[in-house]
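Colleague: This is the structure I have questions about; it appears just below.
The values are calculated or read from the model by the stated rules, or taken from the named source; none is laboratory data. Here the structure is a predicted model, which is why all the values come from computation and not from measurement. A quick note on method: Cβ atoms are made from the backbone with ideal geometry, for glycine too, and the neighbour counts reach across all protein chains shown. When the accessible area is computed, the model is the full protein with side chains, heavy atoms only, and any ligands, DNA or RNA have been set aside. Shrake-Rupley method; radii C 1.70, N 1.55, O 1.52, S 1.80 Å.
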Amino acid sequence: KRLITPLISEGKVEGWDDPRLPTLAALKRRGILPEAIKAFVLQFGLSKVESEPGWGKLLHENRKLLDERCVRRFFVKNPVKLSVTGAPQKEAVLKNHPTKPEMGQRSIATSGAFLIPKSDFDAIVTGETFRLKDLYNVTIMERSGSGMVVKYEGDEGLAAKKLQWVVPEDAVNCKVLLPKDLLDEDGNFRQDSMEEEAGVCEKSCLELELGNAVQFERYGYAKLDKKEDNGLVFIFSC
């Protein structure tokens with residue numbers, strides 16, 4: 001409290017529920033479940049030795065719980081457009097959870113145009129075959145500069161590399177706030193303690209209620225914090 005109060009009064013953090021803080025209000029806003037906090041505390045038992053447990057164990061406990069409860073969705077950071085030559089119009093049927101059929105599924109109409117993460121786009125080489133996750137395989141036939149020719153390869157077999165994707169016509173702007181360590185080793189406030197990553201997510205994310213947590217596949221668990229006019233704001237949980 002001695003360290004946090006000045007940060008709030010000086011406007012360096014939003015308030016007692018700023019997701020960078022270790023307060024209960026902040027943990028709740030970040031998507032840390034009460035059961036995870038209880039399991040985390042019970043790991044240490046009673047001791048006269050003073051200790052400062054890190055975030056790692058708490059986030060591990062939370063991740064185990066969220067894995068069972070969260071629907072899956074695609075999030076594409078720094079999206080780049082991908083056009084697939086010869087691609088059929090196809091409806092992708094995606095499971096909301098890989099092992100819980102009772103959580104249902106969703107359908108997305110596709111016609112050959114996709115948004116994929118720039119980091120994946122930059123890493124793909126000519127001749128490489130990869131799979132648009134839960135849809136079909138494609139091969140990079142040619143690339144030059146910031147463009148590439150991509151060929152549809154059908155549904156048979158599973159390419160080793162799988163990429164998440166969003167169709168442009170259904171893309172919803174969103175950003176994910178990533179809380180980092182609030183203070184440096186000397187106890188000084190870190191200006192870079194909150195990062196922001198922008199991208200797009202599936203249209204079905206608009207159906208989420210504030211406070212809902214999801215797993216963005218190949219990214220992590222995030223909690224919906226705000227619905228703004230220009231998109232959705234999530235806070236990275238773990």
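Colleague: Against the empirical 2.2 N^0.38 Å scaling, what ratio does the C-alpha Rg of the range 109-186 come to? Before the final figure, lay out each step's value.
Modeller: Details: Rg = 16.4 Å, N = 78, 2.2 N^0.38 = 11.5 Å.
Dividing the Cα Rg of the range 109-186 by 2.2 N^0.38 Å gives 1.43.
Colleague: To continue, here is another question. How are the C-alpha pair distances of the chain spread across 5 Å bins, as whole percents from the shortest bin up?
Modeller: Bin by bin from 0 Å, the calculated values are 1, 6, 12, 15, 16, 14, 11, 9, 7, 5, 3, 1, 0, 0.
Colleague: Compare the Cα positions of 66, 220, 160 along the charge dipole of the chain (+1 at Cβ of Lys, Arg; -1 at Cβ of Asp, Glu; about the Cα centre) and return the one farthest towards the positive end.
Modeller: Farthest towards the positive pole: 66.
Colleague: Between 0 and 90 degrees, rounded to the nearest ten: what's the tilt of helix 55-69 against the longest Cα principal axis of the chain?
Modeller: Relative to the chain, helix 55-69 is tipped by roughly 50 degrees.
Colleague: Hey, if we sort 194, 141 by accessible area with the 1.4 Å probe, largest down, what's the order?
Modeller: The most accessible residue leads, giving 141, 194.
Colleague: Here's something else I'd like to know. Based on the alpha carbon coordinates of the range 145-233, what radius of gyration and maximum Cα-Cα distance (Dmax) apply, in Å?
Modeller: For the range 145-233, the Cα-based Rg and Dmax read 17.7, 56 Å.
Colleague: Calculate, for the chain, the solvent-accessible area per residue in square angstrom, rolling a 1.4 angstrom probe over the heavy atoms of the protein chains.
Modeller: I get 55 Å² per residue for this part.
Colleague: Could you work out what % of the accessible surface of the chain is carbon and sulfur, using a 1.4 angstrom probe and leaving DNA, RNA and ligands out of the count?
Modeller: Carbon and sulfur: 50 percent of the exposed surface of the chain.
Colleague: Determine ³J(HN,Hα), in whole Hz, for all residues of the range 210-224 in sequence, where each value follows from phi through the Karplus function 6.51 cos²θ - 1.76 cosθ + 1.60 and θ = phi - 60°; x replaces Gly and Pro.
Modeller: Ordered by residue, 3J(HN,Hα) equals 4, x, 5, 10, 9, 9, 7, 4, 6, 9, x, 8, 9, 10, 5 Hz.
Colleague: Using a/c under 1.5 as the rounded threshold, could you call the range 195-238 rounded, prolate or oblate? The axes a ≥ b ≥ c are square roots of the C-alpha gyration tensor eigenvalues, and prolate needs a/b larger than b/c, oblate otherwise.
Modeller: The shape class here is rounded.
Colleague: Separate question: For residue 71, list long-range residues whose amide hydrogen, built 1.01 Å from N in the peptide plane, is under 5 Å from its own amide hydrogen.
Modeller: 215
Colleague: A further question on this structure: Any idea what the relative contact order of the chain is, in percent, if you count C-alpha pairs under 8 Å spaced at least 6 apart?
Modeller: 20
Colleague: Return the equivalent ellipsoid semi-axes of the range 58-109 as a descending list in whole Å, where each equals the square root of 5 times an eigenvalue of the C-alpha gyration tensor.
Modeller: Rounded to whole Å, the semi-axes are 29, 17, 6.
Colleague: Using DSSP to define loop residues, name the trypsin sites (Lys or Arg not before Pro) in the range 174-204 whose beta-carbon has at most 12 other beta-carbon atoms within 10 Å.
Modeller: Taking the range 174-204 and a limit of 12 other Cβ atoms within 10 Å, the loop trypsin sites (Lys or Arg not before Pro) found are 180.
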